[in-house]
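Below is one structure; the comments refer to it alone.
Computed from the coordinates by the stated procedures, all read-outs in this text should not be read as laboratory data. Owing to the predicted nature of the structure, the values given are computational and were not obtained by experimental measurement.
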Amino acid sequence: MNLLPVNSPYPNCLAGKHVLVTGGAGFVGSHIVEQLIAHDAATITVVDNMVRGRPANLARAMQSNRVRLIRSEEHTSELQ
């Protein structure tokens, strides 16, 4: 997967980091996840209640094997 990072005044500041994205399966959130992958974040945990989000929005990002999707209404015990 070849994702190109947008210009950032902080290049590679996310490289190797573990990142949590709430609402990451929505339109905006899924684009943020793709940028985190492009900036070499180590792992990205996406928490979404799927009211507006869709797993299909993360299909490309999930191919990186660095993204974990948690549906919040199904796995609330994992968040405590």
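The table below gives the values:
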{"read-out": "For L20, residues with placed amide H under 5 Å, excluding near neighbours", "value": "T45"}
{"read-out": "Residue-wise HN-Hα coupling along the stretch 19-27, computed from phi with Karplus coefficients 6.51, -1.76, 1.60 (Hz; x: Gly, Pro)", "value": "10, 10, 10, 8, x, x, 9, x, 4"}
{"read-out": "Additional length obtainable on full extension of the chain from R71 to R52, 0.36 nm per residue less Cα span", "value": "5.6 nm"}
{"read-out": "Stretch gain in nm, segment T43-L20, where the contour uses 0.36 nm per residue and the Cα spacing is subtracted", "value": "7.4 nm"}
